[in-house]
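Report on the structure given below.
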Amino acid sequence: MATGRKLLAKLYAGLPRPAQLRIARAYAGRKERRLARIETPTTVILYVTQRCNARCAHCFYWKELGAKAPELSLDELRTLARSFRHPISLSITGGEPTLRTDLFEVAQAFHELNGCREIKIATNGMLPDRIVDTCRRVLSELGVESLGVQVSIDGPEETHNEVRGVPAFEPAMESARRLKELAEADARFSVHIACCIQKKNIDVLPEFVESLIPLRIPLQFGLIRGESFGTWNLPAGSSSGIDPRDPESPLVPVDRLESFFEWLQARSEESEYPFWSPMQQAKIDLSLRMLRRPTKCMACHAGVIDGVVYANGDVALCELTEPVGNLHDYDLDIARLWSSPAAEEMRAKIRSCFCIHGCNLVTGLMFRPEFIRDAVIQKAKS
Ligand SMILES: C[S@@+](CC[C@H](N)C(=O)[O-])C[C@H]1O[C@@H](n2cnc3c(N)ncnc32)[C@H](O)[C@@H]1O
Ligand code: SF4
Ligand code: SF4
């Protein structure tokens with residue numbers, strides 16, 4: 001059954017192109033005007049744990065994994081959920097979120113106490129029953145408008161297991177297949193496979209993509225990043241220092257990336273099931289442009305729309321910048337922390353930096369009329 005949003009998207013997709021662009025421009029203008037009234041972030045990356053059952057070579061969070069600092073408890077997350085001034089779009093991550101046995105209750109807390117209606121979960125898919133059961137419960141017990149899961153798979157079996165440092169491929173594929181069945185049964189739910197491109201997997205990606213096409217699951221590609229590559233103009237003292245264990249070797253040369261993405265786009269377009277969306281293409285186009293010629297080409301809304309809450313209660317404007325405070329020092333009140341002098345100071349510092357962080361790029365793209373148009377049309381088709 002189509003949701004209200006999907007019906008609207010379908011109506012929009014049927015309009016002539018000039019009308020579509022007029023509506024998209026009006027929507028972007030309204031978003032711009034609303035920026036000044038945003039008091040707390042509306043797109044939040046929430047790290048629910050610093051535990052993980054994998055050991056990925058490329059993970060930017062590797063220093064935190066296994067840290068003894070206590071994670072925000074369910075009660076603390078409930079207090080946090082209440083403290084936002086606006087309903088949020090929640091992206092749950094970690095560590096591995098499914099290691100938290102109260103993952104459903106975390107989603108429930110944000111839905112019921114914050115009014116959040118859009119939830120995304122990033123998982124390595126190593127615990128298929130946990131992720132599938134959590135999603136079933138969210139869909140049947142909460143009135144969310146959309147729930148999306150990204151299952152990380154970085155290549156064919158041997159490559160993926162090497163990158164992840166554990167035999168993760170089989171359970172991740174099982175998760176992806178079972179979640180796809182769920183997506184076919186409920187229009188509010190979607191799943192995609194996320195692949196982090198790095199030197200270890202670039203050569204085997206075409207073969208990997210071919211093996212996934214029959215599954216009819218959308219694919220997303222991210223470029224490996226850190227604070228020392230794929231990030232520019234961060235003022236001294238503001239960087240979070242996140243880099244993979246080996247910061248130099250994993251980034252694939254830009255020529256090689258360009259030829260892979262040219263192939264990918266052609267392959268997706270000729271496929272009966274276009275698995276790589278225009279939104280994803282726009283994100284990669286921007287990243288390649290920055291890697292080819294490092295210049296800021298779009299506003300970043302980290303610190304206004306986008307925000308990050310770490311498992312220990314630290315809050316950052318983005319993952320690349322160092323935390324501006326810890327929620328425990330603000331009675332778990334994000335509104336107070338978000339308007340603190342430390343947050344204001346960091347906001348002022350990050351005016352000229354730019355980076356290839358996919359989440360922040362997508363937020364920025366949602367202010368571009370052409371992109372908005374493509375995104376809605378894609379929603380209508382999905
Ligand atoms: C940090 S993980 C957390 C969720 C879960 N453990 C997982 O692996 O999906 C979220 C996503 O970030 C990606 N990632 C990790 N380190 C990265 C890096 N240095 N650059 C780009 N993406 C990275 C992972 O591959 C994964 O798709
Ligand atoms: S990328 Fe995800 S699965 Fe891999 S080590 Fe980091 S948190 Fe764990
Ligand atoms: S461009 Fe945005 S996401 Fe990237 S480092 Fe700067 S503030 Fe952070």
Report task. Would you please give the residues with an amide H less than 5 Å from that of residue 277, counting only those at least 5 places away or on a separate chain, with H modeled from the backbone geometry? Result -> 219
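Starting from the Cα gyration tensor of region 41-366, take the square roots of the eigenvalues, sort them a ≥ b ≥ c, and report rounded, prolate or oblate (rounded when a/c is under 1.5, otherwise prolate if a/b is larger than b/c, else oblate).
Oblate shape, in that a/c is at least 1.5 and b/c is the bigger or equal ratio.
Given +1 on the Cβ of Lys and Arg, -1 on the Cβ of Asp and Glu, and no further charges, what dipole in debye does the chain carry about its Cα centre, rounded to the nearest 20?
Approximately 1640 debye in magnitude.
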Requested in this report: Go through 8-18, 136-146 and give me the packing order, highest mean Cβ count within 10 Å leading.
Outcome: 136-146, 8-18
Query raised in the report: Add -39500 (n - 2.57) for each DSSP H run of 4 or more in the chain, then divide by its residues: what number comes out at 222 nm, to the nearest 500 deg cm²/dmol?
Result: -12500 deg cm²/dmol
Query raised in the report: Just checking the chain: which Cys have no other cysteine's beta-carbon under 4.7 Å?
Result: 52, 116, 135, 195, 196, 297, 300, 318, 353, 355, 359
Report task. Just need the relative contact order of the chain here, percent rounded to a whole number, with Cα pairs under 8 Å and 6+ apart. Result -> 22 percent
Report summary line: Residues meeting the amide H criterion for residue 239 (H placed from the backbone, H to H distance under 5 Å, 5 or more places apart or on another chain) are 322
Query raised in the report: Roughly what % antiparallel, to the nearest 5, for the DSSP beta bridges in region 41-366?
Result: 20 percent
Report task. Just report the Cα centroid separation between region 311-333 and region 353-382, whole Å. Result -> 26 Å
Requested in this report: Provide 123, 42 in ascending order of the number of other Cβ atoms located within 10 Å of each residue's Cβ, fewest first.
Outcome: 42, 123
Query raised in the report: Expressed as a rounded percentage, what relative contact order does region 183-331 have, with Cα pairs under 8 Å and six or more residues apart?
Result: 22 percent
Requested in this report: Name the residue farthest towards the positive end of the dipole of region 41-366 from the options 275, 114, 304, assuming +1 on Cβ of Lys and Arg, -1 on Cβ of Asp and Glu, about the Cα centre.
Outcome: 304
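Values quoted throughout were computed directly from the atomic coordinates according to the rules given, and no laboratory measurement underlies them. Please read all numbers here as calculations on a predicted model, not as lab measurements. Cβ atoms come from the backbone with ideal geometry, glycine included; neighbour counts cover every protein chain shown.
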